[in-house]
1. Using the Kirkwood formula over every pair of different C-alpha atoms, what hydrodynamic radius in Å results for the range 26-102?
2. Determine the share of the range 36-88's accessible area contributed by carbon and sulfur atoms, expressed in whole percent, with a 1.4 angstrom probe.
3. Obtain the nm distance between the two label points defined at residue 89 and residue 58 by a simple spin-label model: each point lies 7 Å from its Cα along the Cα-to-C-beta direction.
Amino acid sequence: MHMRASLGILMICLLLTACSHNPYLDASLTRYQGKDQAWIEKELGPPDAKTSRFFGGEKWIYNRIAGGKSGPPLFNFKANECQMILFFDKENMVSDSSYSGC
């Protein structure tokens, strides 16, 4: 029984860490709220991908390198890829944003 309780606690901890957010990135993405597509493209450049949203508007995806790790063999660098997603409404204004891998 003790083993099941330990396993349950471990699973809950893993789930909570997998769903955690970066408060610094959350705060920086809020500056894009309410901005139009022209302003975003001027600030960030053209998106790496665009898709249409079902109820109108678009989803823009930007891929960036956000640091990385060096391994033991000389100069073995593994970059962390960060994906930023901006959701535009029908009026081409940012209505929401998200990120992954950051």
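1. Across the range 26-102, the inverse of the average 1/r is 13.6 Å.
2. Answer for the range 36-88 is 56 percent, counting heavy atoms of protein chains only.
3. 1.8 nm
The values are calculated or read from the model by the stated rules, or taken from the named source; none is laboratory data. All values derive from a computational prediction rather than experimental measurement. Here the Cβ is made from the backbone with ideal geometry for all residues, glycine too, and neighbour counts use every protein chain on show. SASA here: full protein model, heavy atoms, side chains in, ligands and nucleic acids out. Shrake-Rupley method; radii C 1.70, N 1.55, O 1.52, S 1.80 Å.
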